[in-house]
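Visitor: I have a structure here, written as structure tokens, and I will follow up with some questions on it.
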Amino acid sequence: MNLKHLSNQDLTSKLKLLVQEERRLNLELLHHLKEIEIRRLHLQLGYSSLFDYLTREFSYSEDAAYQRISAMRLLRDLPQVEKKIESGELSLTAACKIQKYLQIEKKSEKALALVQALELIDSLAGKSTRQVEKELADRNPIVEIHERARAVGPDQIELKMIISEETNIKLQRLKNLLSHKKPKMSYVELLGQMADLALEKWDKAKQRNVSGGAPQKPALGKALSRSLQRHVWQQAQGRCQYRHPQSKKTCGSQFQLQIDHIHPRFHGGSNGKDNLQLLCAQHNRFKGVDLI
Ligand SMILES: [Zn+2]
């Protein structure tokens, strides 16, 4: 695209129109995302979550996906923000921060009443993202705490988090306990050792009860022998086997896995190997609702 022929005034006028169009499109995108979540289309298409859908299908960065999903949920919970997002008074980033703040308050049982939430949004509308962040952090500092992992090399991940003083004391105690083996152990080495120990403990537990912490179908799970459960787990290589019938896209999630009867027990399905598969909790629930 060559814009050299445009006058300065035409260039800035066109840019203004494009920004307005971008905001309108952003709002439209949020509405589409909301409808996809309502229909749970992302699950049907073979993704374990909306986040998984946006990052894998559309190559959004983790931050961009998180921002859009949070802004969509603010719009879903408070449709009154629609005009503010469309006019640009609320950026996607600001909407995301506000949603995060409202959810934190809700979790700590200090949920804002509708009127208070709308007053807060009115007071933040038109302010810069930095100012919105600051005002929300003044209300509750937890809102500023980010926890994230991002790739910084072919086999290196940067892990960023804020830990409590209590956890820090525990880590220091562990370092002291291991100091006879490694006098100057770094956090990286400590984390590596802790991960090895935890996997040794919990992977074995998984082999005894592969359906994980909160099995959805305990009664049926109990009917399966340990060796059969292990077989299913190994066949699936520890990943969700949900596959979209048309695109053949497989979920592959390793989160909250459960053994599922392909043909349900209550419809006469057997406990045979060929009738068992590993599903993530989301796809197990999705399949369950589909069958009712
Ligand atoms: Zn899945």
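The numbers here are math on the coordinates, done by the rules we state, and not lab data. Quick caveat, the model's predicted, so the values are computed rather than measured. As a convention, Cβ positions derive from the backbone with ideal geometry for all residues, glycine included, and neighbour counts pool all protein chains shown.
Visitor: Per residue of the chain, what 222 nm ellipticity follows from adding -39500 (n - 2.57) for every DSSP H run with n ≥ 4, rounded to the nearest 500?
Guide: -18000 deg cm²/dmol
Visitor: Please arrange D63, D274, D260 by how many other C-beta atoms lie within 10 Å of their C-beta, fewest to most.
Guide: Going from least to most buried by this count: D274, D63, D260.
Visitor: Along the charge dipole of the chain, which of L25, Q44, A281 sits closest to the positive end, that is, farthest toward it, with unit charges on the beta carbon of Lys, Arg, Asp and Glu (+1, +1, -1, -1)?
Guide: A281
Visitor: Follow-up question, since we're still on this one. Just want the ordering: L257, L191, from fewest to most Cβ atoms lying within 10 Å of their own Cβ. Spell out each step's value before the answer.
Guide: Working: L257 24, L191 12.
Sorted ascending by nearby Cβ count, the order is L191, L257.
Visitor: Separate question: Treating the beta-carbon of each Lys and Arg as +1 and of each Asp and Glu as -1, no other charges, what is the dipole magnitude of the stretch 8-144 about its Cα centre, to the nearest 20 debye?
Guide: On the way: 22 positive and 22 negative charges, 23 e Å.
Using only the charged Cβ atoms, the result is roughly 120 debye.
Visitor: Which residue, L190, Q156, T55, has the largest displacement toward the positive end of the dipole of the chain when charges sit on each Cβ (Lys, Arg +1; Asp, Glu -1)?
Guide: With unit charges placed on the Cβ atoms, the residue in question is L190.
Visitor: Which whole-number percent is the relative contact order of the stretch 1-74 (Cα, under 8 Å, 6+ apart)?
Guide: 26 percent
Visitor: Going by how many other beta carbons lie within 10 Å of each one, how would you line up L136, L278, L228, fewest first?
Guide: L228, L136, L278
Visitor: Which length gain, in nm to one decimal place, applies between K127 and K160 when the Cα-Cα distance is subtracted from 0.36 nm times their residue separation? Please list the in-between numbers first.
Guide: On the way: separation 33, 0.36 × 33 = 11.88 nm, distance 2.76 nm.
Additional length available on full extension: 9.1 nm.
Visitor: Another question about this same structure. Determine the gain in length on full extension of the stretch H180-E200; use 0.36 nm per residue of separation and subtract their C-alpha separation, reporting nm with one decimal. Kindly include the intermediate steps, with their values, before the conclusion.
Guide: Numbers: separation 20, 0.36 × 20 = 7.20 nm, distance 2.21 nm.
Stretched fully, the H180-E200 segment lengthens by 5.0 nm.
Visitor: First select every other residue whose beta carbon is under 12 angstrom from the beta carbon of D196; then total the charges, Lys and Arg +1, Asp and Glu -1.
Guide: Local charge sum for D196: -2.
Visitor: I'd like the isolated cysteines in the chain, meaning no second cysteine's beta-carbon lies under 4.7 angstrom from theirs.
Guide: C96
Visitor: Given an 8 Å cut-off on Cα distances and at least 6 residues of separation, report the relative contact order of the chain as a percent. Could the numbers behind the result be given before it?
Guide: Values: 276 pairs, mean separation 40.7, N = 292.
Reported as a whole number, the value is 14 percent.
Visitor: Could you work out the Rg to Rh ratio of the stretch 38-195, with Rh taken as the Kirkwood radius (inverse of the mean 1/r over all Cα pairs)?
Guide: Here the Rg-to-Rh quotient is 1.07.
Visitor: Right, here's the next one. Using the 2.2 N^0.38 Å rule of thumb for compact globular proteins, work out how the chain stacks up: its C-alpha Rg over that value, please. Show your work: numbers first, answer last.
Guide: Working: Rg = 24.2 Å, N = 292, 2.2 N^0.38 = 19.0 Å.
Compared with the compact-globule rule of thumb, the chain sits at 1.27.
Visitor: I want the local charge near K181. Using Cβ-Cβ distances under 12 Å, sum +1 for each Lys or Arg and -1 for each Asp or Glu among the other residues.
Guide: Neighbour charge sum, excluding K181 itself: +2.
Visitor: With each label point set 7 Å from Cα along the Cα-Cβ vector, what nm distance links N2 and R39?
Guide: If labels sit at N2 and R39, their model points lie 4.3 nm apart.
Visitor: Please report, for the Cα atoms of the stretch 218-291, the Rg to one decimal and the Dmax as a whole number; what are they, in angstrom?
Guide: My reading of the Cα-based Rg and Dmax gives 11.7, 34 Å.
Visitor: Rounded, prolate or oblate: which fits the stretch 1-127, taking a ≥ b ≥ c as square roots of the Cα gyration tensor eigenvalues, rounded meaning a/c under 1.5, else prolate when a/b beats b/c?
Guide: It comes out oblate by the Cα gyration axes.
Visitor: Compute the length gained on full extension between D63 and Q246: take 0.36 nm times their separation in residues and subtract their Cα-Cα distance, giving the result in nm to one decimal. Numbers along the way, then the final one.
Guide: Values: separation 183, 0.36 × 183 = 65.88 nm, distance 2.98 nm.
Stretched fully, the D63-Q246 segment lengthens by 62.9 nm.
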